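Input: a single structure, listed below in structure tokens.
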Amino acid sequence: MQATHPIGVFDSGYGGLTVFKSIADKLPQYDYIYLGDNGRAPYGNRSFETVHEYTLECVEWFFKMGCPLVVLACNTASAKALRTIQQQDLPHMEDPSKRVLGVIRPTAEVIGNYTKTRHVGVLGTKGTINSGSYEIEISNQFPDIEVHQQACPIWVPLIENGEHNSEGADFFIKKYLDELITKAPQIDTVLLACTHYPIIIDKIKSHLPENIKVVAQGDIVADSLEHYLQRHSEMESRLTKNSTMQFFTTDDANDFNAHASAFFGRPVQSNHLAI
Ligand code: DGL
């Protein structure tokens, strides 16, 4: 059998499936492996060291599986582990020509196209928000934009536990949005800077004034990956193109299958990975 060289797509759990969906729709020709580290999710409240350790373990696993390119479809991992992996870990690996990409830079590069008032709200996990990554990246790209951040620490646990449609969830969804809008009423654009949040996008919209645009990252990251592969033919030519998809979870595979389709938009058959 010929070896496959898939694109790896990683998240702490289910959220990255919202990005993978856009990537697979836009670039269906490639082979893919998705890994959700559900067994250790959520990452959002964990330390830099822990998020780096977990993310690196998963990246090394993708490399062993033959992936020359891994997309961290997780803002928390992108904020807390990507730079260390790119600058300190990758150069010492067996094949330093492999690549790991994140979701923050590509999102920051286009966010200026959405806002007129130049006031953007950023919703994310505590880890993403406290890292200040969006403030830094957006101000590099668009110095005229004011970024208003809001950590929503309860949202990912609610979503990972399948409780996001409960009445209790509504209370916490509204709570963080009210806090954001009260501190920055000039906001006209709210960025979902956590790949889990698109699953509650309708609820988020329903608690925000109608004039506010709510931006999810999936299509932005898929466009950016397409452009990356156009610019990097040395990477593009390494990737195999048989349109296959494999799904792995570090938690229970049946449980993953039951929840994943809501994020991915089609049925998912996963395998358990002991990491
Ligand atoms: N989907 C991840 C993100 O984008 C989630 C976080 C978590 O595990 O807390 O930040």
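Given a cut-off of 27 Å, name the pairs among Lys21/Lys175; Lys26/Lys213; Lys205/Lys241; Lys174/Lys213 whose C-alpha atoms lie farther apart than that in the structure shown.
Details: Lys21/Lys175 29 Å; Lys26/Lys213 23 Å; Lys205/Lys241 38 Å; Lys174/Lys213 16 Å.
As for pairs spanning more than 27 Å Cα to Cα, those are Lys21/Lys175; Lys205/Lys241.
Considering only protein heavy atoms, what per residue accessible area in square angstrom results for region 163-275 with a 1.4 angstrom probe?
On a per-residue basis, region 163-275 sits at 51 Å².
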Study note, to complete from the structure: Long-range amide H partners of Asp251, meaning residues 5 or more apart or on another chain whose placed amide H is closer than 5 Å, are Asn38, Gly39, Leu273
Check your understanding: Whose amide H sits under 5 Å from the amide H of Val190, counting only residues 5 or more places off or on another chain, with H placed in the peptide plane?
Key -> Gly121, Lys213, Val214, Val215
Check your understanding: Along the charge dipole of the chain, which of Leu208, Leu56, Ile85 sits closest to the positive end, that is, farthest toward it, with unit charges on the beta carbon of Lys, Arg, Asp and Glu (+1, +1, -1, -1)?
Key -> Leu208
Exercise for review: Could you check the simple spin-label distance between Glu146 and Glu53, using points 7 Å along Cα→Cβ, in nm with one decimal?
Suggested key: 4.1 nm
Check your understanding: Rounded if a/c is under 1.5, else prolate if a/b is larger than b/c, else oblate: which is region 87-202, with a ≥ b ≥ c the root eigenvalues of its Cα gyration tensor?
Key -> oblate
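In debye to the nearest 20, how big a dipole does region 171-265 give about its Cα centre with +1 on each Lys and Arg Cβ and -1 on each Asp and Glu Cβ?
Here region 171-265 has a charge dipole of around 180 debye.
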Review point. Among Val221, Pro157, Ser243, whose Cα sits farthest toward the positive end of the charge dipole of the chain (+1 at Cβ of Lys/Arg, -1 at Cβ of Asp/Glu, about the Cα centre)?
Key: Val221
Check your understanding: Once you sort the root eigenvalues of the Cα gyration tensor of the chain as a ≥ b ≥ c, which label holds: rounded (a/c under 1.5), prolate (a/b larger than b/c) or oblate (the other case)?
Key -> prolate
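How much net charge surrounds Gly112 when only other residues with a Cβ under 9 Å from its Cβ are counted (Lys, Arg +1; Asp, Glu -1)? Intermediate values should be presented prior to the final figure.
Values: positive: Arg118; negative: Glu109, Asp144.
The answer is -1.
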Review point. Taking amide H positions as placed 1.01 Å from N in the peptide plane, with prolines and chain starts having none, which residues 5 or more places from Ile33, or on another chain, fall under 5 Å of its amide H?
Key: Ile7, Gly8, Val9, Gln246
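Using helices alone, what [θ] at 222 nm do you get for the chain, with -39,500 (n - 2.57) per DSSP H run of 4 or more residues, divided over all residues and rounded to the nearest 500? Kindly include the intermediate steps, with their values, before the conclusion.
On the way: 12 runs with 115 residues, N = 275.
After summing the helix terms and dividing by residue count, I get -12000 deg cm²/dmol.
The values are calculated or read from the model by the stated rules, or taken from the named source; none is laboratory data. Here the structure is a predicted model, which means the values were calculated and not measured. Positions of Cβ are generated from backbone atoms using ideal geometry, with glycine treated the same way; all protein chains shown enter the neighbour counts. Quick note on the areas: whole protein, heavy atoms, side chains included, nothing else; ligands and nucleic acids left out. Shrake-Rupley method; radii C 1.70, N 1.55, O 1.52, S 1.80 Å.
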